[in-house]
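Asker: Dropping the structure in here first, questions after.
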């Protein structure tokens, strides 16, 4: 899932990549897949799957 692309928002995209690759941020973020699955399930339970 991309909220913004590097073509449309190059500076914001570069900043977000640098932020996510910072060692402190990397060790603080939870694993992406379980978080994504949780919110996907929550979304589907609230709005129904399409």
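Just so it is clear, none of the values below were taken in a lab; they were calculated from the coordinates. Remember, predicted model here, so these are calculated numbers, not experimental data.
Asker: Quick check: the angle from helix 32-47's long axis to the longest principal axis of the chain, C-alpha only, nearest 10 degrees?
Answerer: Helix 32-47 and the main axis of the chain meet at about 40 degrees.
Asker: Using the Cα atoms as the points, what is the convex hull volume per residue of the chain in Å³?
Answerer: So the per-residue hull volume is 96 Å³.
Asker: Same structure again: In deg cm²/dmol, rounded to 500, what helix-only [θ] at 222 nm does the chain give when every DSSP H run of at least 4 residues adds -39500 (n - 2.57) and the total is split over its residues?
Answerer: Helix-only estimate at 222 nm: -20000 deg cm²/dmol.
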